[in-house]
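Written out below as structure tokens is the structure these notes cover.
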Amino acid sequence: GAVVSQHPSWVICKSGTSVKIECRSLDFQATTMFWYRQFPKQSLMLMATSNEGSKATYEQGVEKDKFLINHASLTLSTLTVTSAHPEDSSFYICSARNPGGRETQYFGPGTRLLVL
Amino acid sequence: AQTVTQSQPEMSVQEAETVTLSCTYDTSENNYYLFWYKQPPSRQMILVIRQEAYKQQNATENRFSVNFQKAAKSFSLKISDSQLGDTAMYFCAFIGGNAGNMLTFGGGTRLMVKP
């Protein structure tokens, strides 16, 4: 149990285009999901907290107009990188909190984004 | 604010031997949870073990066990009978009962298991 999927796993796009990444909890309902960014050989950096049915909460320094988050259902959150630029190239990971899992977050497999 | 510190950027161990990864944290909260996550080369984050702060007994999961010292704010991970598949980055993480459910990660320890 507690499986989180992420799609796509790997995306290459041209500078200026928008990219949508989906995060799904497959076997539980997640009122709260999280989006992280990870640079090579570094720890995870929380970008935003996604709450079902309400606006996301962004961490300091993260542009909410750049990284659009929508949590439309209890099993799906999406992150859209708008007008992507090469500096947005990174590894993006989502996680979902299982309400019955004693505050445990389960992670998706991540999405590698390369902006040319 | 909570902080999590992993003082060992890299470690190595021979296959079948035991290794301990260190983690310390700082918090003013009394109710919280601690985790160790593993990130292999695939980069999938995998939960290894978790500990509730109110429990005195150290958590164990097969070859993985923790030494939770609440007064010292220490949470080390012991891997017994190390296997090649244990090669990965290991992240210690903290979540407080009053922290809005936000995980705070340590900087990670890269573990290499040598044959």
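The values are calculated or read from the model by the stated rules, or taken from the named source; none is laboratory data. A quick note: this is a predicted structure, and the numbers were derived from the prediction, not measured. Quick reminder, even Gly has a Cβ in these numbers, built from the backbone with ideal geometry, and neighbours come from all protein chains shown. To get the accessible areas, we keep the full protein, side chains included, count just its heavy atoms, and leave off ligands, DNA and RNA. Shrake-Rupley method; radii C 1.70, N 1.55, O 1.52, S 1.80 Å.
Observations on the structure shown:
- Whole-number accessible area per residue in Å² for the protein assembly as shown, which is evaluated in the context of all protein chains at 1.4 Å: 48
- Cβ-placed point charges (K, R +1; D, E -1), dipole of the range A:1-54 about Cα centre in debye, nearest 20: 300
- Accessible area buried by the pairing of A and B, both sides summed with a 1.4 Å probe, works out to roughly 1900 Å².
- Contour minus Cα-Cα distance for residue A:41 and residue A:74 (0.36 nm per residue): 8.7 nm
- Applying the Karplus relation 6.51 cos²θ - 1.76 cosθ + 1.60 with θ = phi - 60° to the range B:18-24 yields 3J(HN,Hα) values of 10, 9, 10, 9, 9, 7, 10 Hz, where x marks Gly and Pro.
- At q = 0.09, 0.13, 0.15 Å⁻¹, base-10 log of I(q)/I(0) for the protein assembly as shown (Debye sum, equal scatterers on each alpha carbon): -0.38, -0.78, -1.02
- Delta accessible area of at least 10 Å² on complex formation, residues of the range A:62-99, 1.4 Å probe, chain isolated as reference: A:91, A:93, A:97
- Take each residue of peptide B:73-84, count the partner chain Cβ atoms within 10 Å of its Cβ, and average: the result is 0.
- Beyond 22 Å, the tail of the calculated P(r) for the range A:1-115 holds 26 percent of the Cα pairs.
- Within the same chain, aspartates and glutamates fewer than 8 places from residue A:14 are excluded, and of the rest, those with a Cα less than 14 Å from its Cα are A:87, A:88.
- In the range A:1-73, the portion of solvent-accessible area held by carbon and sulfur atoms comes to 50 percent [1.4 Å probe, whole percent, DNA, RNA and ligands not counted].
- Where the alpha-carbon atoms of the range B:6-103 are placed on the principal axes, they occupy 39, 26, 24 Å, in descending order.
- Antiparallel bridge percentage (DSSP; both residues within chain A; nearest 5): 90
- Fraction of accessible area attributable to carbon and sulfur, chain B (%, probe 1.4 Å): 46
- Cα-centred dipole magnitude for chain A, charges only on beta-carbon of K, R (+1) and D, E (-1), debye, nearest 20: 140
- Within the range B:17-42, backbone nitrogen closer than 15 Å to the virtual label 7 Å beyond the Cα of residue A:3 toward Cβ: none
- Cα-projected label distance for residue A:12 with residue A:85, points at 7 Å along beta-carbon direction, nm: 2.3
- Over 24 Å (Cα to Cα) - which of A:41/B:78; A:64/B:73; A:64/B:38 fall in this group: A:64/B:73; A:64/B:38
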